[in-house]
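Working notes, beginning with the structure itself.
The values are calculated or read from the model by the stated rules, or taken from the named source; none is laboratory data. Predicted model only: the values in this text are computed from it and were never measured. Cβ coordinates were reconstructed from backbone atoms using ideal geometry, including for glycine residues, and neighbour counts include every protein chain displayed. To get the accessible areas, we keep the full protein, side chains included, count just its heavy atoms, and leave off ligands, DNA and RNA. Shrake-Rupley method; radii C 1.70, N 1.55, O 1.52, S 1.80 Å.
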Amino acid sequence: MFSWVKQEQGGRNKEGEMYQTVTEGLQSLYTKKLLPLEETYLFHDFHSPALEPADFQSKPMVLLVGQYSTGKTTFIRYLLEQDFPGMRIGPEPTTDGFIAVMYGESEGVVPGNALVVDPKKPFRKLNAFGNSFLNRFICSQMPNQVLQSISIIDTPGILSGEKQRISRGYDFAEVLRWFGERVDRIILLFDAHKLDISDEFSEAIKALKGQDDKIRVVLNKADQVDTQQLMRVYGALMWSLGKVINTPEVVRVYLGSFWAKPLQNTENRRLFEAESQDLFRDIQSLPRNAALRKLNDLIKRARLAKVHAYIISYLKKEMPSLFGREKKKEELIMRLPEIYTILQREHHISPGDFPNVAKMQDMLQHYDFSKFPSLKIKLIESVDKMLATKIAVLMSMIREEESKQPPAMVSGGAFEGSQDGPFGQGYGEGISAGADAEDWIVSRDKHRYDEIFYTLMPINGKITGVNAKKEMMNSRLPNTVLGKIWKLADCDRDGMLDDEEFALAQHLIKVKLEGYELPTELPDHLVPPSHRKNPTVKG
């Protein structure tokens, strides 16, 4: 049982709280500490609906966003390795709504209106977007192993032009913002042949502002261009993203062809495989980091709620008691940027914690400032205490939970099958080359290495470290790398190299020069035959 209290207190803290898990702790802190502040200062009207138990207990979610025909639905099918109910794929805009692909004991589709009344699903607050949205929102359920660990949200393909935005009948950007706040990973998909970022796509990306740590970019269908074109496409994509995503860090872009068809251009096959494995590892880590992500999102929400309370109470304080309210309201709305500056200084708040000025000014038009609540210090202090002490304890609980029962990695579908056997990443390449061969792989080039070896003046069949160093330095590898190669090659640790050890050192240099990593320990298949305990393999 996890608790931040001492055992002698009977498993409870001073306020009588006892938590079995981090999730339960987060839910309790939100309900008791943060929710009262949000409700008092109309936070849910201005920013984000209240969180529900399902928001804390749901599986990690991955949101896919991209223009039409960039391969979003195909990407999901690639991960699951099977079709899902409601799936449609084609070069035209086929997905015209949001599809939540989730685990279920039997295959089926749950329509949006039924979905938002299910307390076990984290979608209840989506009913605020009305029937126009709910008619285009479904949950696709199926018994797939991948979906036991994560859920995936497919979104409509984005087209360019104002007509598309109007014809949706709901605020597409706001729906994306809602999902962006709740998902664990946001994947923006681009097509190597379609890099233009349309107006609506630009708005969609801007709606995800504040969630930059969750965003990853996938340049899909990269096998359809050659290496030279791919370099130009990648450069153009980074330039386009730089104009839309305003972050000092470069966003992580994965290159590849995420479907189960033959590659059209195989010259970058190794690159695509490495990139796909990197992306898979990123997605597989989501269950492990889910509690930390929810904790991080709760902290962000608490900081915004505090700032919002200061803004609302300041506007209330400035309002006259009787006459001239409307005039004063207009003046305060115009002065909002100045008010932000005043509150920054007064309460020592970072400028980045404040909501968008223009959006806030627009929303404030619809409210009577005189009915706003005054500043309630106890509510603020309660949230401050939560951030200062309770959150830190939950952080330690996360580590404790992980040590006792590590969360399962995402498995099944495309996440399995290629790691073992000859099609695992790196199998038969670099340091793994020759692992399943009968002969010692170094012996294939040993005759060339021997010619060099005998020019280095061996004494009693061995060359000194000084002479070996001169030859190894010709590779131009850094001393740190060469030192590691020496340690691996000097099998008997006598500070000298015999002909087999020298050949091994040359082989390891070749492996490193080809761009592969060195092992921390020498694999059995690379140990020189004369240095093996049971030398059964001939050199």
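Tabulated results
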quantity: Test: residue in segment 273-282 that is surrounded by 17 or more Cβ atoms within 10 Å (Cβ to Cβ) and either aliphatic (A, V, I, L, M) or more than 23 Å from the chain's Cα centre (by Cα) (or both); calculated: yes
quantity: Matching option when the condition is at pLDDT below 90, surrounded by 14 or more Cβ atoms within 10 Å (Cβ to Cβ), under 44 Å from the mean Cα position of the chain (by Cα) and closer than 30 Å to Arg269 by Cβ, among Leu508, Leu488, Leu518; calculated: Leu518
quantity: Qualifying residues in segment 288-329 (those that are basic (Lys, Arg) and within 21 Å of Asp184 (Cβ to Cβ)) - the one surrounded by the fewest Cβ atoms within 10 Å (Cβ to Cβ); calculated: Lys300
quantity: Hits in segment 368-403 - residues which are open to solvent by less than 80 Å² (accessible area, probe 1.4 Å), of a type in the set (Asp, Glu) and assigned to a helix (DSSP H, G or I); calculated: Asp384, Glu400, Glu401, Glu402
quantity: Conditions (1) on the phi < 0 side of the Ramachandran plot; (2) surrounded by fewer than 17 Cβ atoms within 10 Å (Cβ to Cβ): number failed by Gly210; calculated: (1)
quantity: Scan of segment 150-176 for residues that are modelled with pLDDT of 90 or more and over 10 Å from Phe98 (Cβ atoms), ordered by number; calculated: Ile150, Ser151, Ile152
quantity: Number of positions in segment 447-482 that are more than 46 Å from the chain's Cα centre (by Cα), assigned to a loop (DSSP other than H, G, I, E, B) and either of a type in the set (S, T, N, Q) or within 18 Å of Val511 (Cβ to Cβ) (or both); calculated: 2
quantity: Number of positions in segment 348-367 that are outside any loop (DSSP other than H, G, I, E, B), hydrophobic (A, V, I, L, M, F, W, C) and touching a residue at least 40 places away in the same chain (Cβ under 8 Å); calculated: 3
quantity: Single condition Tyr78 does not satisfy, out of (1) surrounded by 21 or more Cβ atoms within 10 Å (Cβ to Cβ); (2) at pLDDT 85 or above; calculated: (1)
quantity: Candidate set from segment 18-63 (those that are part of a loop (DSSP other than H, G, I, E, B) and farther than 25 Å from Val101 by Cβ); member that is most open to solvent (accessible area, probe 1.4 Å); calculated: Gln20
quantity: All positions within segment 307-330 that are without any contact (Cβ under 8 Å) to a residue 24 or more places away in the chain and under 21 Å from Glu381 (Cβ atoms); calculated: none
quantity: Segment 226-251 - residue that is touching a helix residue (DSSP H, G or I) at 6+ places or on another chain (Cβ under 8 Å) and at pLDDT 85 or above and, of those, farthest from Phe415 (Cα to Cα); calculated: Val233
quantity: Number of the exception - Arg281 against (1) under 30 Å from Gln148 (Cα atoms); (2) of a type in the set (Lys, Arg); (3) modelled with pLDDT under 90; (4) outside the structural domain of Ser151 (by the TED database); calculated: (4)
quantity: Only listed residue being in the same structural domain as Met397 (by the TED database) and more than 38 Å from the chain's Cα centre (by Cα), chosen from Lys359, Lys378, Lys306, Lys371; calculated: Lys371
quantity: Arg301 over 21 Å from His366 (Cα atoms) and assigned by the TED database to the domain that holds Ile398; calculated: yes
quantity: For Asp492: the one exception among (1) of a type in the set (D, E, K, R); (2) touching a residue at least 12 places away in the same chain (Cβ under 8 Å); (3) part of a helix (DSSP H, G or I); calculated: (3)
quantity: Lone unmet requirement of (1) open to solvent by 50 Å² or more (accessible area, probe 1.4 Å); (2) small (Gly, Ala, Ser); (3) more than 18 Å from Gly169 (Cα to Cα) for Ser140; calculated: (1)
